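Enquirer: Just passing along the structure, written as structure tokens.
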């Protein structure tokens with residue numbers, strides 16, 4: 001997350017009064033702006049990934065619940081059919 005020395009040198013050379021002037025207000029504002037930009041990009045990406053993971057998790061939970069419900073329904077129908085069927089075989 002921290003600015004690399006190369007990026008700092010480029011920013012200072014571009015916005016400072018000289019290539020080594022790290023204390024000028026212009027250089028300080030430019031360095032701070034770059035950090036804010038990096039943090040904003042990071043948070044947008046991280047929040048997007050987090051949101052995607054949470055949405056996927058809830059979708060997965062709903063699928064599992066649906067499968068469980070479907071499985072129970074299939075078992076009930078199978079039991080009902082096996083009790084009422086003329087072809088039911090008593091294995092006991």
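The values are calculated or read from the model by the stated rules, or taken from the named source; none is laboratory data. Since the structure is predicted, the reported quantities are computational estimates derived from the model, not experimental observations. Positions of Cβ are backbone-derived with ideal geometry, glycine not excepted, and every protein chain shown enters the neighbour counts.
Enquirer: Residue under question is residue 60, and the condition is that it be out of contact with any helix residue (DSSP H, G or I) (no Cβ under 7 Å at 6 or more places or on another chain), loosely packed, with under 10 Cβ neighbours inside 10 Å and modelled with pLDDT under 85; does it hold?
Expert: no
Enquirer: Tell me which residues, restricted to the stretch 76-92, are at pLDDT below 80 and either in contact with a strand residue (DSSP E or B) (Cβ under 6 Å, 6 or more places away or on another chain) or assigned to a helix (DSSP H, G or I) (or both).
Expert: The answer is 77, 78, 79, 80, 81, 82, 83, 84.
Enquirer: I need the full set of residues from the stretch 3-14 which are in a loop (DSSP other than H, G, I, E, B) and touching a residue at least 12 places away in the same chain (Cβ under 8 Å), in order please.
Expert: Selection gives 3 alone.
Enquirer: Same structure, new question: Cβ-Cβ distance below 8 Å, separation of 6 or more or different chains: which pairs start in the stretch 15-28 with a residue that is without any contact (Cβ under 8 Å) to a residue 60 or more places away in the chain and end on one that is exposed (fewer than 13 other Cβ atoms within 10 Å of the Cβ) and outside any loop (DSSP other than H, G, I, E, B)?
Expert: Pairs that qualify, where the first residue is without any contact (Cβ under 8 Å) to a residue 60 or more places away in the chain and the partner is exposed (fewer than 13 other Cβ atoms within 10 Å of the Cβ) and outside any loop (DSSP other than H, G, I, E, B), are 15/29.
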